[in-house]
Amino acid sequence: MDGIAKYIEHTILKPGVTPQEIAAACAEVGKYGFLGICVNSGQIALAADALRGSGAKIVSTCAFPLGAVPAAVKVYEACLAVEAGADEKDMVMNQSAAKSGDWQAVTEDIGALVKAAGVPVKVIIETALLTYDEKALACKAVIEGGAQCVKTCTGGIMGGAKENDVELLKSLAGGKIKIKASGGIRTRTQALRLLKAGADYIGTSAGPIFVMKHDG
């Protein structure tokens with residue numbers, strides 16, 4: 001099995017996804033030995049049934065893709081997700097609070113979900129929207145909020161995962177949290193470069209292509 005597979009969280013978050021597509025994606029997780037699958041909250045039960053006993057983790061999004069809901073709503077969604085079988089949560093940071101400079105609200109938002117979920121939490125900060133200083137403050141909020149990982153992008157914003165952002169987040173994290181690169185990762189070479197830059201996980205829907213062939 002190709003070594004890159006163990007870093008990939010196979011992602012299926014597109015609008016209108018069907019149960020058949022979830023089942024097919026879960027089958028790919030087993031076939032290629034991916035770390036797990038990332039789905040929206042509404043598809044957790046389907047993924048849990050398909051992957052039961054496989055050892056693959058089920059990651060579900062929270063407040064995806066904008067993060068623009070009250071903390072209480074994020075907490076409720078996270079609790080429902082864990083009950084349905086989610087092993088981890090990928091929450092979207094409160095971008096409005098971040099861009100307004102209210103980093104206390106960002107930190108408290110993260111902390112509330114971490115406390116309620118009881119499972120590892122990654123925080124999507126949407127690097128393409130942030131300045132250098134905002135990235136630093138976002139990383140600080142992720143750490144102080146008690147999350148286990150900072151994640152680059154949702155994939156819905158232009159820009160996507162960049163090597164320099166991963167390198168920056170790795171430096172800022174200081175080994176306290178992990179890094180997930182996601183958003184627009186379409187080639188094996190791109191994924192390998194992001195791993196070399198310091199990513200611990202790769203979130204992508206193109207994982208099968210990476211392990212079936214090299215793109216150079």
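A few comments on the model shown:
- Pair list, Cβ < 8 Å and 6+ apart or interchain, from region 90-102 residues that are over 8 Å from GLY67 (Cβ atoms) to residues that are of a type in the set (Phe, Trp, Tyr): ASP90/PHE64; ALA97/TRP103
- Those residues of region 83-100 which are surrounded by fewer than 19 Cβ atoms within 10 Å (Cβ to Cβ) and not hydroxyl-bearing (Ser, Thr, Tyr), in sequence order: GLU83, ALA84, GLY85, ASP87, LYS99
- The residues of region 42-81 that are surrounded by fewer than 21 Cβ atoms within 10 Å (Cβ to Cβ) and closer than 15 Å to THR154 by Cα, listed by number, are PHE64, PRO65, LEU66, ALA68.
- Checked against (1) crowded, with 23+ Cβ neighbours inside 10 Å; (2) in contact with a helix residue (DSSP H, G or I) (Cβ under 6 Å, 6 or more places away or on another chain); (3) modelled with pLDDT of 95 or more, ALA112 passes all but condition (1).
- Close pairs from region 110-136: first touching a residue at least 12 places away in the same chain (Cβ under 8 Å) and under 13 Å from VAL150 (Cα atoms), partner assigned to a helix (DSSP H, G or I) and of a type in the set (Ser, Thr, Tyr), Cβ under 7 Å, at least 6 apart: LYS135/THR127
- Test: residue in region 177-199 that is surrounded by fewer than 19 Cβ atoms within 10 Å (Cβ to Cβ), closer than 14 Å to ASP90 by Cβ and out of contact with any Lys or Arg (no Cβ under 9 Å at 6 or more places or on another chain): no
The values are calculated or read from the model by the stated rules, or taken from the named source; none is laboratory data. Owing to the predicted nature of the structure, the values given are computational and were not obtained by experimental measurement. Neighbour counts run over all protein chains shown; Cβ positions are idealised from the backbone, glycine included.
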